[in-house]
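Working notes, beginning with the structure itself.
Every number here is computed from the coordinates shown, using simple stated rules; none is lab data. Nothing here was measured: the structure is a model prediction, and the numbers come from that model. Positions of Cβ are backbone-derived with ideal geometry, glycine not excepted, and every protein chain shown enters the neighbour counts.
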Amino acid sequence: MGIKTADAVVIGAGVIGSSIAFRLAEQGRKVVLVEKAGPGAGASGSCDKAIFLQSKRPGIHMELALASRRMYDTLEAELEADLELKNDGGMVAIETPEHLDFMRDFVRKQRDAGIAVELLDGNEARRRQPCLSPHVLGASFSPDDAEVNPLALNTALFRAAARHGAQTMTHCEVTGIRASAGRVTAVETRRGSISTPLVINAAGPFAGQVGQLAGVHVPVKPRRGTILISEAVEPMVNGSMLCAQYIAAKHLAAVGSGNVPPYGIGLSLGQTESGNLLIGGSREFAGFEKASGPDVMAAIAGHAIRIVPALAKIRIIRSMTGFRPYTGDGLPIIDRAPELGGYVIAAGHEGDGIALAPITGILVRDLVDGKTGPFLHALTVNRFAVPIPA
């Protein structure tokens, strides 16, 4: 195999694992980054391109996202790569009086938390986003929201890790984790054993399965999501767009008296550099069953067309379905496993992996260095005293 020892083995080469490997290797640690497929083959390659602050709850969730968002301002220079970063703001479309009442309160709390956000009436929302339907009552808008190419981000982090000396093992599955006297001693892979005192589980929705290899409980479960991809069209969307129902589907059991919709449908809409529209999305619990039925895709399309009628005339050329790593409270786990010394969990970012990738690498580095802080205190695995809800 050629690689027999390491200071740290990072499992998973999505944006989270690659960010962690980069920050650890940057310190001069001997890092091995192991990925069962290729970088970006999982959740990081089946998501939209938004770095949305408006979708975050005020409190630690918002503070974490703000800290990570600020890192994006210098990340392209740091990674020596074009991430297709656009600081063009984001909008949350509001369709119903119930959603409008909810968003008034939500916006007020966000502004108190330090987000630059305003509530627009329907006419102003359509002036800024002409594609919106006449029935849309209004929208919230924040210039702090941004966009990035997730595959470019993943590739840049992966290459930066390698540039700083990390050794990468792609298309290589981890098959076991050895321990002695309550501490990690080695990682077993399809290509042999790596002796190491430190394992970092950054396997996203598969973090629970990877945890089982070491007898470590990782309360993360897969939440399936589907995004439709259109043919390339002329510029149509200014920045990124969500709808208030999306926020309900992501965070809440109900908004007003309305329940979360079937399949967790809520609009997310963005446009790539090449002109393709990314139209989402759904949030379902279906284990690791990847096939998403035509009823789900029809529901996504119908909801999107209601808010943006021009989409009805645009062809869908394919769809992508992936699994978001879900914890139940909207926050990831970044913590040492209490059952096993030398085992770190860095997973559970759900739909916020792109937004939180920069800060996650720093937080894991700090955790490994023995540092503490309010973020790490809030992201412990012990906060889940009961099983995560479905």
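Give the calculated FRET efficiency between Ser274 and Asp121 to the nearest 0.05, with a Förster radius of 35 Å applied to their Cβ-Cβ distance.
The calculated FRET efficiency here is 0.55.
With a Förster radius of 45 Å, plug the Cβ-Cβ distance of Thr175 and Arg104 into 1/(1 + (r/R0)^6) and report the FRET value to the nearest 0.05.
Plugging the Cβ-Cβ distance into 1/(1 + (r/R0)^6) gives 0.30.
Which of the peptides 151-162, 329-340, 122-133, 35-46 is most tightly packed, and how do the rest follow, judged by the mean count of other Cβ atoms within 10 Å per residue?
In descending order of packing, they fall as 151-162, 35-46, 329-340, 122-133.
Any idea what the relative contact order of the chain is, in percent, if you count C-alpha pairs under 8 Å spaced at least 6 apart?
Once divided by the residue count of the chain, the mean separation gives 23 percent.
So what's the back-of-envelope 222 nm ellipticity for the chain, counting only DSSP H runs of four-plus at -39500 (n - 2.57) apiece and dividing by all residues, rounded to 500?
Dividing the helical sum by the residues of the chain leaves -9500 deg cm²/dmol.
Could you check the spin-label model distance between Thr185 and His377? Points 7 Å from the Cα along Cα→Cβ, value in nm.
3.7
According to the square roots a ≥ b ≥ c of the eigenvalues of the Cα gyration tensor, what is the shape class of the stretch 83-123, taking rounded for a/c under 1.5, prolate for a/b larger than b/c otherwise, and oblate for the remainder?
Judged from the Cα gyration tensor, the stretch 83-123 comes out oblate (a/c at least 1.5, b/c at or above a/b).
Under 1.5 on a/c is rounded, so check that first for the stretch 1-49, then, if it is not, pick prolate when a/b is larger than b/c and oblate when it is not; a ≥ b ≥ c are the square roots of the alpha carbon gyration tensor eigenvalues.
Oblate.
Taking H as built 1.01 Å from N, whose amide H comes closer than 5 Å to the amide H of Ile51, not counting residues under 5 places away?
Ala146, Glu147, Val148
In µm²/s, what is D for the chain at 4 °C and 1.567 mPa s, where D = kT/(6 pi eta Rh) by Stokes-Einstein and Rh is the Kirkwood radius from Cα pairs?
Rounded to a whole number, D works out at 61 µm²/s.
Using 0.36 nm per residue, how much length does the chain from Phe288 to Arg306 gain when fully extended, once their Cα-Cα distance is taken away?
My answer for the length gained is 3.5 nm.
Report, ordered by chain and residue number, the lysines lying within cross-link reach of Lys221, taken as a straight Cα distance under 21 Å and ignoring same-chain residues fewer than 8 apart.
Lys36, Lys56, Lys250, Lys290
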